[in-house]
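Notes follow once the structure below has been shown.
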């Protein structure tokens, strides 16, 4: 039933995904994690914010403290000891007290900051520099620098894990309808209101789009099936037919060529020629 639902959703893309899945199973699937290290928005002055004025400017001022503006003043003493003590709550120390109910709704507001709610506010500046700053970073706020927290990777999304601290268990941070097109999994095909309406593309455009879904950083190269499915979903029916032929040929020669489009085109010249020659009916 799962395969039938996939075919219904993607048409010819279903057969393509199955081919990719077989390839990944044979090669040993290694899923690449795409991490966006850009801080989204400014917490200070956000609609409904209860943070002190200026919180988020990197300076711990007299009207700020570790409990009211941890992004400037750092963690309060005791935060991170796995005990929700007096003076700690979900807004000041989600590591000990659990994330607040509003964290994960896609909007950075209230007491949320990059330290307390990275799913909504993005990771803090400095996260991603390969140095774990103990004052403001730990496995919860910046796993890319400090490593994954204990329990991450067990298949269960449990407090205080979030999509930012443990996407392996909790999935990726993407909320459709919050006005941000959160790539790579939120696209025009599954969230038009954030990413805009998709433009129908032809077979050659689908091929060049799908080649970018090949990860040559693994040996042998692997294919991100959801990425390919997104490329295929934007093609007209006749283009999808010719794409299937060409890309299935690409799969057969993936170990030889990797993501080298010229090499793949030479190996699959008849299929690529048919793809180039295909036309989508005009609307």
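Could you say which residue among 152, 79 is buried (at least 23 other Cβ atoms within 10 Å of the Cβ) and either without any contact (Cβ under 8 Å) to a residue 24 or more places away in the chain or in a helix (DSSP H, G or I) (or both)? After ruling out the rest, the residue left standing is 79. For residue 179, are the conditions met, namely being at pLDDT 90 or above, out of contact with any strand residue (DSSP E or B) (no Cβ under 6 Å at 6 or more places or on another chain) and farther than 21 Å from residue 117 by Cβ? For residue 179, the condition - at pLDDT 90 or above, out of contact with any strand residue (DSSP E or B) (no Cβ under 6 Å at 6 or more places or on another chain) and farther than 21 Å from residue 117 by Cβ - is not met.
Answer yes if at least one residue in region 128-135 is within 16 Å of the chain's Cα centre (by Cα) and surrounded by fewer than 21 Cβ atoms within 10 Å (Cβ to Cβ), and no otherwise. So far as region 128-135 goes, yes, one or more of its residues are within 16 Å of the chain's Cα centre (by Cα) and surrounded by fewer than 21 Cβ atoms within 10 Å (Cβ to Cβ).
So that you can scan it fast, the table gives a plain yes or no per residue for (1) free of Cβ contacts under 8 Å to residues at least 60 places away in the same chain; (2) in a loop (DSSP other than H, G, I, E, B); (3) surrounded by 19 or more Cβ atoms within 10 Å (Cβ to Cβ); (4) not assigned by TED's automatic domain parsing to the domain that holds residue 104:
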site	(1), (2), (3), (4)
186	yes, yes, yes, yes
205	yes, no, no, yes
209	yes, no, no, yes
220	no, yes, no, yes
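Residues in region 119-142 that are farther than 19 Å from residue 58 by Cβ and out of contact with any helix residue (DSSP H, G or I) (no Cβ under 9 Å at 6 or more places or on another chain): 120 only.
Residues considered: 87, 28. Of these, the only one that is more than 27 Å from the chain's Cα centre (by Cα), modelled with pLDDT under 85, exposed (fewer than 15 other Cβ atoms within 10 Å of the Cβ) and more than 14 Å from residue 115 (Cα to Cα) is 87.
Which residues, taken from region 255-268, are assigned to a helix (DSSP H, G or I) and crowded, with 22+ Cβ neighbours inside 10 Å? Listed by number, the list holds a single entry, 264.
I'm trying to understand the selection: among the residues of region 234-269, which are under 24 Å from the mean Cα position of the chain (by Cα) and closer than 16 Å to residue 209 by Cβ? Break it down stepwise before answering.
The first filter runs over region 234-269 and keeps only residues under 24 Å from the mean Cα position of the chain (by Cα), leaving 234-235, 258-259.
Correct list: 234, 235, 259.
For region 219-233, the tally of residues that are more than 19 Å from the chain's Cα centre (by Cα) and modelled with pLDDT under 90 stands at 3.
State yes or no: is residue 246 out of contact with any helix residue (DSSP H, G or I) (no Cβ under 8 Å at 6 or more places or on another chain) and not in a loop (DSSP other than H, G, I, E, B)? Judged against the criteria, residue 246 is not a match. Considering only residues in region 270-282 that are assigned to a loop (DSSP other than H, G, I, E, B) and under 13 Å from residue 201 (Cβ atoms), the one that is nearest to the chain's Cα centre (by Cα) turns out to be 280. Close contacts from region 239-257, counting a first residue that is assigned by TED's automatic domain parsing to the domain that holds residue 270 and modelled with pLDDT under 90 and a second that is surrounded by fewer than 21 Cβ atoms within 10 Å (Cβ to Cβ) and part of a loop (DSSP other than H, G, I, E, B), with Cβ to Cβ under 6 Å and a gap of 6+ residues or different chains, come to 254/221; 255/220.
The values are calculated or read from the model by the stated rules, or taken from the named source; none is laboratory data. Here the structure is a predicted model, which is why all the values come from computation and not from measurement. A quick note on method: Cβ atoms are made from the backbone with ideal geometry, for glycine too, and the neighbour counts reach across all protein chains shown.
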